[in-house]
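Note sheet for the following structure.
The values are calculated or read from the model by the stated rules, or taken from the named source; none is laboratory data. Computed from a predicted model, the values in this text were never measured in an experiment. We place every Cβ from the backbone using ideal geometry, glycine too, and count neighbours over all the protein chains shown. What goes into the accessible areas is simple: the full protein's heavy atoms, side chains included, and nothing from ligands, DNA or RNA. Shrake-Rupley method; radii C 1.70, N 1.55, O 1.52, S 1.80 Å.
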Amino acid sequence: MALLQCMFHLLKKEGFLACIIVMPSVYPPGNERIYVVDALRGFAVMAIMLLHFLEHFIYNSYPVASSPMMEAANQQFKEVFFFLFAGKSYTIFALLFGFTFAVQYRNQARKGRDFAGRFVWRMCLLAVFACMNAAFFPGGDVLLTFSLAGLLLVPCRRLKTSSLVALSLFFLAQPLEWAYAAVQWMHPGWVPPSLSVAESYASLKSAVDTGNFWVMAWENLTTGQWASLAWGIEAGRLMQAPGLFLLGFVLGRQDFFLQNDGTAVFWTRGLLFSLAGTCAFYVVMCLPGLPGPVHTVFNMWHNVCFTGVWVAGFVLLYRLEYFRKATAPLLTYGRMSLTNYVSQSVIGSLIFFPYALGMAPYCGYLVSFAVGFAAMTGQIWFCRWWLERHRYGVLEGLWHRATWLAAGKVSAPEHR
């Protein structure tokens, strides 16, 4: 733990890497938004959406490949895409969740207000959006996990940065899995308690197979939400999510997403550390004979480090004009991340599930990716059209107004 804290502080110091990237700040004085965060959030939601389309929104129904070559192409494409983004896009989203809290809390503190109570109410509203999304998504919804784990930010909001880093590393260390591993070591043959996730997903598929939307929606909102939380516990996300929130809070508090030479040093060093960790943890988690809980720990560490590669690489590349132009569509996509996240479930269920078009049995991984990419293109077009006419996205506007409704006026902060 102490070693990891030292590594974090080392990243903050300027040194020999300062000469690698020298560029004036991207943002003009007084700019209210950090555009790289919008683009990065858009990148995360894009990856999440394409992953969901590949797996038919947890609806396991696929066609038989027309040839062994096509079967191999589908499987290889899926494996590569999942290796690059599964477990990483979600972590980017969680990291930026903590960042947003940091900016909102600071903006309200400058006005002499404590954002804590408002944030708790905001999490209650997020749980409502989670249920809205879950009605169309048999796997439950990660937003419910966010709304629950996000409450940890409230008692931690006034802690010193060093304490936040230590607490973040505690959660990211996966203490529950280490406890399971210790019990297995002392009592060979013991297995962690089962939360019946597989049985829950089987029940969810049966509900989707009925072709009745209301049967499916009810099962999704009950069994599905429980299955999502249970899977999060078994997969290690119960501890990972609050750790990422706290880490994002630190990044926001310390202004590490501002584009200047000092933060370029931080992100360059972060990229190097993340690359080393990604390779090392991947090698370890592939070792044969690892106990299940220990494998989960190294898998989670690998995902977090891989996320560091994505985030640091994206932030550094965003200093280049051609990269900013190439990723311009992600700006509006990221500004409407909640709308896009929920609407992708609606679109996906209408395309794949039996209650609507029922295309799942006819779409392999490559075709599903193409369909998802087309749907995402439509979302990007809609985002641009909408934001030319409105300040906030569709659901973002509802969340914004509901958050501040009781305050007598709408004056919620935006991230800088």
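Data table
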read-out: Global geometry of segment 303-373, whether rounded, prolate or oblate, following the gyration tensor of its Cα atoms and the 1.5 cut on a/c; value: prolate
read-out: LYS88 accessible area, 1.4 Å probe, all protein chains in place, Å² to nearest 10; value: 10
read-out: GNM result for the chain, Cα springs below 10 Å: residue of GLY224, GLY211, GLY236 fluctuating most strongly; value: GLY211
read-out: Label zone at ALA179, where the point sits 7 Å out along the Cα-to-Cβ direction: segment 223-254 residues whose backbone N lies under 20 Å; value: 229-246
read-out: Cα-projected label distance for SER194 with LEU317, points at 7 Å along beta-carbon direction, nm; value: 4.3
read-out: Normalised contact order of segment 196-306, rounded percent, pairs of Cα under 8 Å and 6 or more residues apart; value: 21
read-out: Gained length - TRP121 relative to TRP385, 0.36 nm times residue gap less alpha-carbon distance; value: 92.0 nm
read-out: Distance in nm between pseudo-label sites at ALA402 and ASN60 (7 Å out along the Cβ direction from Cα); value: 3.4
read-out: Solvent exposure, largest accessible area first (probe 1.4 Å, DNA, RNA and ligands not counted), of ILE34, ILE58; value: ILE58, ILE34
read-out: Heavy-atom SASA rank of HIS400, HIS187 (probe 1.4 Å, accessible area, largest first); value: HIS187, HIS400
read-out: Burial ranking of peptide ranges 259-266, 381-388, 94-101 (average Cβ count within 10 Å, highest at the top); value: 94-101, 259-266, 381-388
